[in-house]
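J.: Can you read through this structure? Questions will come right after.
All of the numbers you see were taken from the coordinates with simple rules; none came from a lab. Just so we're clear, the structure is a prediction, and the values are computed from it rather than from any experiment. A quick note on method: Cβ atoms are made from the backbone with ideal geometry, for glycine too, and the neighbour counts reach across all protein chains shown.
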There are 2 protein chains.
Amino acid sequence: MAQLRIALAQVNPTVGDLEGNRRTVVGAARRAAEKGAHLVVLPEMIVTGYPVEDLALRDSFVSASVRATRALAADLDAEGLGDLPVVVGFLSRREGPGERYGQPSGAPQNAVAVLLRGGVELTSAKHHLPNYGVFDEYRNFVPGDTLPVIRVRGVDVALAVCEDLWQDGGPVTAARAARVGLLVTLNGSPYERHKDDVRLELCSRRAREIGAALAYVNMVGGQDELVFEGDSLVVDSEGELVARAPQFEEDLLLVDLDPAAADGERGARDGDVIDGIRIVRRTLSADPVPAYEPRSNTVTPRPDPLSDTGEVYRALVVGLRDYAAKNGFASVVLGISGGIDSALVATIAVDALGSDRVHGVLLPGEHSSAHSVADAEDLAERQGFAARTVPITSAVEAFGQAAASAEAALTGLAAENLQARVRGTLLMALSNQEGHLVLATGNKSEAATGYSTLYGDSVGGFAPIKDCWKTLVWELSLWRNAEAERLGQTPPIPENSISKPPSAELSPDQTDADSLPDYALLDSVLAAYVGTDRGEAELVFAGYDPDLVRRVIRLVDRAEFKRRQSAPGTKISSRNLSRDRRVPITNRWTV
Amino acid sequence: MAQLRIALAQVNPTVGDLEGNRRTVVGAARRAAEKGAHLVVLPEMIVTGYPVEDLALRDSFVSASVRATRALAADLDAEGLGDLPVVVGFLSRREGPGERYGQPSGAPQNAVAVLLRGGVELTSAKHHLPNYGVFDEYRNFVPGDTLPVIRVRGVDVALAVCEDLWQDGGPVTAARAARVGLLVTLNGSPYERHKDDVRLELCSRRAREIGAALAYVNMVGGQDELVFEGDSLVVDSEGELVARAPQFEEDLLLVDLDPAAADGERGARDGDVIDGIRIVRRTLSADPVPAYEPRSNTVTPRPDPLSDTGEVYRALVVGLRDYAAKNGFASVVLGISGGIDSALVATIAVDALGSDRVHGVLLPGEHSSAHSVADAEDLAERQGFAARTVPITSAVEAFGQAAASAEAALTGLAAENLQARVRGTLLMALSNQEGHLVLATGNKSEAATGYSTLYGDSVGGFAPIKDCWKTLVWELSLWRNAEAERLGQTPPIPENSISKPPSAELSPDQTDADSLPDYALLDSVLAAYVGTDRGEAELVFAGYDPDLVRRVIRLVDRAEFKRRQSAPGTKISSRNLSRDRRVPITNRWTV
């Protein structure tokens, strides 16, 4: 057995902010050195931020990432940290042309670099490229085919990237054959409910398969629609959890391990190819660390004391906080209707940004009820954010007269949608005039069924509860109020906003129940149809009423048209701006 | 040598319309039989329409496609066409579980079926899965690993799908080894400028490599943002063009060939694996056709007499025509400003749908000039479509007063954007009331630089010239007017709309040149930066002014935020509605 103190830097990069990300790495390495770490590991693509999507196809961006990585190695040396090996993820390229038609030119790779003594000691690249869900990596990268095994203080440490751990074969098989003492994986693993349980189970299983300790470092923070939850962890070679970082917070997780000492006679050798992966061995420091007294490792407890609902709430707060910050917005504006959706979004905004950076607007119309205004005012008062009232009636009337002059008297849905669009236009005017980010307050049940107005209540730069079913909106609101009570604070959300029947208030005495099934039932059908792709026959077999199933499916299939707010247009060139060009919204990189 | 008459059915399917697509195939097969064809080939995924995107991940949709394909075989037999082999593309599944984490369950495949005597005689699947540009096939499908070689009237015919022809190795190599007489490829190959030249060159090269004739059948028509151009063709084993269908029109291309007769002693055998592809031989009919007098094959000339500009114009007309038809819109509405963009869009709409289905609206505001109104009226009169005038001033004033009451007097960009949003809201009100599809009139130069108003002039269900740079907008307008003159018709676009300096007319005496570089220069930088991913250093090296390059790049990189009109929101589940769910807009399939 040998000893090794590793530092897992759970940090929050910004896509495209190469200089800021460099400073983040140097800061983490400095703190790790102060704590006596022998090896520092940062997340996947820390140099560029993650995911870079089609920025990977821009050759000058790949070059900038490679230059920034070299500069980072020099920075570390200049700071007196040159002798501490620092492992970072970055965007690189494989030499030589692409091997298939349509492959990115310059062959970009999702790569890893070992920085030491002012230089890049070694690089490798992710082998398994995920191309499902939010991932487009088979589009943007070419796979690597090596497994670096670095000897650090007499311990053989293999390096792999994220998906390499999730897929069988390849790097995992090679790491086992190399009989390493430790496998380190760099990750950019987005938050999903309950994913932390799955992650720990996977790490434990892989550690047992490989017969080595396993260190998993993940990034943290929001980037566009994704939230990275952190949850970095280490398991020993038996798969037992020995250290774990918190969720949703930056952290430097220091872990003392006693992995198997390197033994040159064991395992696959430098240059051996195992399951298509070539092993590349490199000795950084051969001599073991003199025996020392280990620290006690930190294991942040799970389940999170916040509970599952609290965990979701925290993800939403972090997502909004970082979207605003990374896109340069100091404040937000939103319409507050007295209903539960806008009440929850306002609460998330106040928790993310502080009440002085949240601007509520009451936009009462002809069909707004007295309790709507009262509940919205109550909301603002409880949380101490500024609220203005801007009635929409005179603008709605002016539109009605203009349309009537063109012999188009607005009735029914046209009249309902008009009210929502006047509200959206007013919010955008305030945003343009005062610089706030507009928050859309729609939930996932509305979006899925098309129960919203295009260019109306769907207006906004960010939609905090877009991925929350309506029943979850209530659950989150109840949780947030209960949490406040637990802490002896005023519950932020008016009880009446939670308990009253939901209504769009766009026509007399309207309620959501006029147009949609009961939300508990609706959401369970939506979760099955949208969330798990089950079809009509399966849903009916599961016991749902056939008419209800058909009605919900028809709503969902037709709503896609509305969700595509950015009008499609005939494509005539090899690259247009939308469909065949996927770039992160946050884009600080402009060369 | 043997003889064979093949029919390439260049048809226009609709994604999700399984019944309509079945009728299309039966109709094509009937006409082919009437003309004495020995083999009929339809395009890639004709049964489901193409591209199906994430519909492939819905197991019940895959099942529906498989059932529809079997039913189609029965349909053909019932029509007395059972003895004619019909080759169709469809969505199928490979048996057994997926092989990698994240792989679609049920392992969907982009497949080919040979229909004969009321049944499915043979199936195989696309091997090379494109995952670049508009293609997401590595996401949605698993690759096939067989090459079917069917013997038809004594000729060995190999079957492959689209990308299998573009990539080296695999099916192409196997077809060569099998020493077939003919390679047939089923395609869904979207239009791009000049792609027809590249396609012919590719087909000729592959035919020479394989040493066999090659028949290429492509679909035609618009589907969401894509237009399929047809251009089905046949080359002989020397690579010489022997038959070619027109662009942008349905066609049944009948071709008489004299390919090499099958010889059981030559070439790779049934079950042989060549370059990872297993050859599957099946004899449908062993005896050659008795000698007959061949027809003379049709070669539609290229370059198209329409010229390159005319070809683009026709693509835009087809794209709009099919988007409206496939989404169930009988008519369109658009704002006509007197400027060139809306004039061209109106002209495309009249050419696509007829003047009685186009509704123009003049939306004059405080800063609209007299010539704007006159030019818009002239446009409507030349083309004979209905035009109404709805002044926006009173609605704009009502908004201004409402905002002022909230202590937010609207100035500058806020006041400019407001006017555009009032126009967008009026168009949407007319759409909701009267059922028209709203056409957005923005061009690609505006979209790329963000020179437009979110929820204002960008409003619309379809944007016909979204992928056209401003300079191309002028070029198309000049071409369309010249074409009218050539045919002795009134030029549809007022000369003044073409010649006057472009202006948004949102503030006094405003012109585009106040905010943007000259369009000829701007478009050339945009084409290099957006179209070919060249970076700042390359553009400066190419001779562009460094300040100009930086200015344009900054505009483009910041405009992405605006283009993402559908507000992103924090993702908390394994499947939300936007980013990780890619479905076609046109979706007639609702089970």
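J.: In segment A:217-238, whose amide N lies under 19 Å from the spot 7 Å out along Cα-to-Cβ of residue A:194? List them in ranges.
T.: Counting backbone N atoms under 19 Å from the label point, the list is A:229.
J.: Then there is this: So for segment B:285-431, what percent of the C-alpha to C-alpha distances run longer than 22 Å? Could the numbers behind the result be given before it?
T.: Numbers: 6112 of 10731 pairs.
So the portion of pairs separated by more than 22 Å is 57 percent.
J.: I've got another one for you. I'd like the mean, over residues of A:524-537, of how many other protein chain beta carbons sit within 10 Å of each residue's own Cβ.
T.: Whole-number average of other-chain Cβ neighbours for A:524-537 is 3.
J.: Turning to a different aspect of this structure: Provide a whole-number value for the mean count of partner chain Cβ atoms within 10 Å of the Cβ atoms in peptide B:411-420. Could you put the intermediate results ahead of the total?
T.: Details: counts 2, 2, 2, 7, 3, 1, 6, 6, 0, 1.
Mean inter-chain Cβ contacts per residue within 10 Å come to 3.
J.: Now for a different question. State, to one decimal in nm², a quarter of the convex hull surface area for the C-alpha atoms of chain A, i.e. the direction-averaged projected area. If you can, show how the numbers build up before the last one.
T.: Details: hull surface 121.2 nm².
Quarter of the Cα hull surface area: 30.3 nm².
J.: Just to be sure I understand the model, the point goes 7 Å from the Cα along the line to the Cβ. What's the resulting residue A:293 to residue A:374 distance in nm?
T.: It is 6.6 nm.
J.: Oh, and also: Counting pairwise Cα distances across segment A:413-516, what percent come out greater than 24 angstrom? Could the numbers behind the result be given before it?
T.: On the way: 1802 of 5356 pairs.
Result for the distance tail: 34 percent.
J.: Starting from 0 in steps of 5 Å, tell me what percent of the Cα-Cα pairs of segment B:149-289 lands in each bin.
T.: 2, 11, 20, 22, 19, 13, 9, 4, 1, 0
J.: Treat each spin label as a single point 7 Å out from the Cα along the C-beta direction, and report the residue B:366 to residue B:413 distance in nm.
T.: According to this spin-label approximation, the distance is 1.9 nm.
J.: Over the whole of A:53-66, what's the average partner chain Cβ count within 10 Å per residue? Rounded to a whole number, please. Could you put the intermediate results ahead of the total?
T.: Working: counts 0, 1, 2, 0, 2, 4, 4, 8, 2, 1, 2, 1, 0, 0.
Average per residue, whole number: 2.
J.: Classify segment A:284-331: rounded, prolate or oblate, from the alpha-carbon gyration tensor (a ≥ b ≥ c, eigenvalue square roots; a/c under 1.5 rounded; otherwise prolate if a/b is larger than b/c)? Write out the running numbers ahead of the final one.
T.: Details: a/c = 4.82, a/b = 1.82, b/c = 2.64.
Since a/c reaches 1.5 but b/c is at least a/b, the shape of segment A:284-331 is classed as oblate.
J.: If the only charges are +1 at each Lys and Arg Cβ and -1 at each Asp and Glu Cβ, what is the size of the charge dipole of the protein assembly as shown around the Cα centre, to the nearest 20 debye? Don't skip to the end; give the middle numbers.
T.: Working: 122 positive and 164 negative charges, 347 e Å.
Dipole of the protein assembly as shown, to the nearest 20 debye: 1660 debye.
J.: Mind checking segment B:282-336 for chymotrypsin sites (Phe, Trp or Tyr not before Pro) that DSSP puts in a loop (not H, G, I, E or B) and that have at most 14 other Cβ atoms within 10 Å? Write down the numbers at each step before the final one.
T.: On the way: sites: B:292, B:313, B:323, B:329; in loops: B:292, B:329.
Those satisfying the criteria are B:292.
J.: Separation between the residue B:532 and residue A:330 pseudo-spin-labels, each 7 Å from Cα along Cα→Cβ, expressed in nm?
T.: Once both label points are built, they end up 4.3 nm from each other.
J.: Let me ask another. Taking the Cα centre of each part, how many Å lie between segment A:71-145 and segment B:140-209?
T.: Result: 36 Å between the Cα centres.
J.: Within the set A:571/B:470; B:126/B:195; A:444/B:326; B:195/B:470, which residue pairs have Cα atoms separated by over 25 Å? It would help to have the intermediate numbers written out before the result.
T.: Numbers: A:571/B:470 15 Å; B:126/B:195 22 Å; A:444/B:326 27 Å; B:195/B:470 22 Å.
Correct reply: A:444/B:326.
J.: Right, something else. Among B:255, A:426, A:556, which residue has its Cα positioned farthest towards the positive end of the charge dipole of the protein assembly as shown, with +1 placed on the Cβ of Lys and Arg, -1 on the Cβ of Asp and Glu, and the dipole taken about the Cα centre?
T.: B:255
J.: Which residues' amide hydrogens lie under 5 Å from the amide hydrogen of residue B:243, considering only partners 5 or more residues apart or on another chain, with H built in the peptide plane?
T.: Excluding prolines and chain starts, which carry no amide H, the hits are B:234.
J.: For segment B:4-283, treating each Cα as an identical point scatterer without solvent, what Debye log10 I(q)/I(0) comes out at q = 0.07, 0.08, 0.10, 0.16 1/Å?
T.: Evaluating at q = 0.07, 0.08, 0.10, 0.16 Å⁻¹ gives log10 I(q)/I(0) of -0.21, -0.28, -0.44, -1.27.
J.: With r defined as the distance between the Cβ atoms of residue A:63 and residue A:282 and R0 fixed at 25 Å, what FRET efficiency is calculated, to the nearest 0.05? Walk me through the numbers on the way to the answer.
T.: Details: r = 25 Å, r/R0 = 1.00.
Efficiency, rounded to the nearest 0.05: 0.50.
J.: Calculate, in whole percent, how much of the Cα-Cα pair population of segment A:313-395 lies beyond 20 Å.
T.: Details: 1125 of 3403 pairs.
Result: 33 percent of Cα pairs exceed 20 Å.
J.: May I pose another question? Between residue B:31 and residue B:302, what FRET efficiency comes out of the Förster formula 1/(1 + (r/R0)^6) with R0 = 25 Å and r the beta carbon distance, rounded to 0.05? Mind showing how you got there, number by number?
T.: Details: r = 25 Å, r/R0 = 0.99.
That pair, residue B:302 with residue B:31, gives E of 0.50.
J.: Here is a follow-up. What is the P(r) of the protein assembly as shown, as percent of Cα-Cα pairs per 20 Å bin from 0?
T.: The percentages, shortest bin first, are 11, 38, 37, 13, 1.
J.: Ok, one more. Nothing charged except the Cβ atoms of Lys and Arg (+1) and of Asp and Glu (-1): what's the magnitude of the dipole of segment B:4-283 about its Cα centre? Round to the nearest 20 debye.
T.: Working: 31 positive and 43 negative charges, 152 e Å.
Value, rounded to 20: 720 debye.
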